[in-house]
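Rule-based calculations on the coordinates, nothing more; no lab input. Everything quoted here is computed from the prediction, not taken from an experiment. Here the Cβ positions follow ideal geometry from the backbone for every residue, glycine too, while neighbour counts run over all protein chains shown.
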Amino acid sequence: MGNTKIRGRQIETDDFIKSARNADVDWSDDRSTASQLAIARLVGESSDRHFTYEWVIASTSITITHNLGKHPAVTVVDTGGNEFVCGVDYIDNNTVRLTFSQAIRGTAYFN
């Protein structure tokens, strides 16, 4: 298992950070910059991302591109602030179709 040492703005690392996920980082150029880039990528991959989408025209179905790169949990709230149950169809890792039993306006929260 590798070690990462941070001394002020200087980051020193060994093979732990040189994982397959960072195979495209050029380690021969500037070790400190490459280490910072690799750490930023690893932290970015572990950070939870979310997306909010609001629509103002009442609809029984809506397709939303969230670009989260995953099948997120979806919570829908109507304009009255009530949580609304709906059908959720994942088109792909970045697109979802929501289907409602009646036409509603509201906000979808993706996490």
Full-stretch length increase - residue 54, residue 102 - with 0.36 nm per residue and alpha-carbon distance subtracted:
15.6 nm
Size of charge dipole - segment 44-111 - debye, nearest 20, with Cβ of Lys, Arg +1 and Asp, Glu -1, no other charges:
100 debye
What is the distance, in nm, between label points placed 7 Å from the Cα along the Cα-to-Cβ direction at residue 78 and at residue 111?
2.3 nm
Work out how much length residue 89 to residue 70 would gain on full extension: take 0.36 nm times their residue separation and subtract the Cα-Cα distance, in nm to one decimal.
5.6 nm
